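Trainee: Pasting a structure here, questions to come.
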Amino acid sequence: MSARETLKIRAVRAEQGEGVAVFAFFLFGADIHRIADISRIRREDHELKGFQRREIREHVNQITAFLDSGPVLFPNAVILALAPEVDFASARGRSPGNMCEVGDAGTLTIPIYPEGRRAAWIVDGQQRSLALAAAKDHSIAVPVIGFVSDELETQREQFILVNKAKPLPTRLINELLPEVSVLLPRDLAARQLPSVLCEALNTDPNSPFFGLIKRESDRSGIVTDNALIDAMKVSLKTSAGALGQFKGNGSGNDAEAMYDTLLLYWSAVKEAFPEAWGKAPANSRLMHSAGIRAMGALMDPLMLKLDGVPDKRATLRTILTRLAPHCHWTEGTWEGLGVDWNKVQSTSQDIARLTDHLIRLERDLARSAS
């Protein structure tokens, strides 16, 4: 039986967090993909796998062209998650006096396995690593930081935090947020709960949005998760919001009550506008981000009216059915706005005008009916 192939590297070992081993070392660019896989975000049997976005070929080509332009300085570190089976042996010998003992120098041994079963995963730097693999010079020395963890949640946490300031697709961050439990920066934390609710709406067979939400791992949906998440964020901002009323003050959020509210409201919307529901945004502005945002804003005042009502579903259905003839999601012109149905765009101005129009229209119809 032949010995297992390995890659031995001079490295410095330190610890962070709760005893997590972190290594700093250099690799030839061509060696990164010998030891590390790219964990693409995808879904298998409705379970989220991986975390990396799709390859951006133009970006990779630009980096490759730079690397092939001659002797270059390329000090950008690649971050890897390493399997616990990597081995580290400290170097022997006496350390120089007055040395800053931050880390322990030695030899890191990483086993080399076939693609898909490798002992490392790229957390940050997938486009750079692809460019390095394609570059003519395979001997470019690349700085690498590796932390030991085979926990996918830890890898996702690091991926989100490392890439927070970079222009990653918002949908990618949205889909990963429900899968992590690390303490997040305030702006990401504000999106985490709406992302969890959005994921539930997309995967629950009883949800009107079942399979309709476009996510980074599955772009077959028609409703952008950004629109739903932004609508939920607005409702969560105030205690008077349909969702905000269930936010706990130190006692935790009642996510179940929030989800029930979303199911009740959007199911009634689906029933009130059957001809507009489930169509592509080009054919129905209700499923367009502008329609989702505007109807999402209408949820707050309508759900407030249901306080103390015995049959909330029937009352909500009555309100929306009364509103339906005045809405133009698939044809005609919005009276009061003077805008054709397909001219409403996902701009803040159009969303605000449509929102104000719907709220005012519903209020006027309620007064006429009373």
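Trainee: So who's got an amide H within less than 5 Å of the one on E15, skipping anything under 5 residues away but keeping other chains? H placed 1.01 Å off N, in plane.
Mentor: Residues meeting the amide H criterion: V22.
Trainee: On to the next question. Could you tell me whether region 105-153 comes out rounded, prolate or oblate from its Cα gyration tensor? Rule is a ≥ b ≥ c as square roots of the eigenvalues, rounded for a/c under 1.5, then prolate if a/b exceeds b/c, otherwise oblate.
Mentor: The shape class here is prolate.
Trainee: Pairs of alpha-carbon atoms within less than 8 angstrom and 6+ residues apart define the contacts here; what relative contact order does region 320-370 have, in percent?
Mentor: Relative CO of region 320-370 lands at 28 percent.
Trainee: So what's the net charge close to Q345: Lys and Arg +1, Asp and Glu -1, counting the other residues with Cβ under 12 Å from its Cβ?
Mentor: Summing Lys/Arg as +1 and Asp/Glu as -1 gives +2.
Trainee: Restrict the search to region 205-299; then list the GluC sites (Glu not before Pro) that DSSP places in a loop and that have at most 14 other Cβ atoms within 10 Å of their Cβ.
Mentor: Numbers: sites: E216, E256, E271, E275; in loops: E216, E275.
Counting only loop positions with at most 14 other Cβ atoms within 10 Å, the GluC sites (Glu not before Pro) in region 205-299 are E275.
Trainee: Output ³J(HN,Hα) for region 275-290: one whole-Hz value per residue in order, computed from phi by the Karplus curve 6.51 cos²θ - 1.76 cosθ + 1.60 with θ = phi - 60°, and x for Gly and Pro.
Mentor: Once θ is set to phi - 60°, the couplings for region 275-290 become 6, 9, 7, x, 8, 4, x, 5, 10, 8, 6, 5, 8, 6, 4, 5 Hz.
Trainee: If you don't mind, another one. Stretch A255-R219 to full length: gain in nm at 0.36 nm per residue minus the Cα-Cα span?
Mentor: Values: separation 36, 0.36 × 36 = 12.96 nm, distance 2.61 nm.
Length gained between A255 and R219: 10.3 nm.
Trainee: Hey, another quick one. In what order do K136, K312, K343 fall by count of nearby beta-carbon atoms within 10 Å, going from fewest to most?
Mentor: K136, K343, K312
Only the coordinates and a few stated rules stand behind these numbers; no lab work does. These numbers were taken from a predicted model, which means no experiment stands behind them. Here the Cβ is made from the backbone with ideal geometry for all residues, glycine too, and neighbour counts use every protein chain on show.
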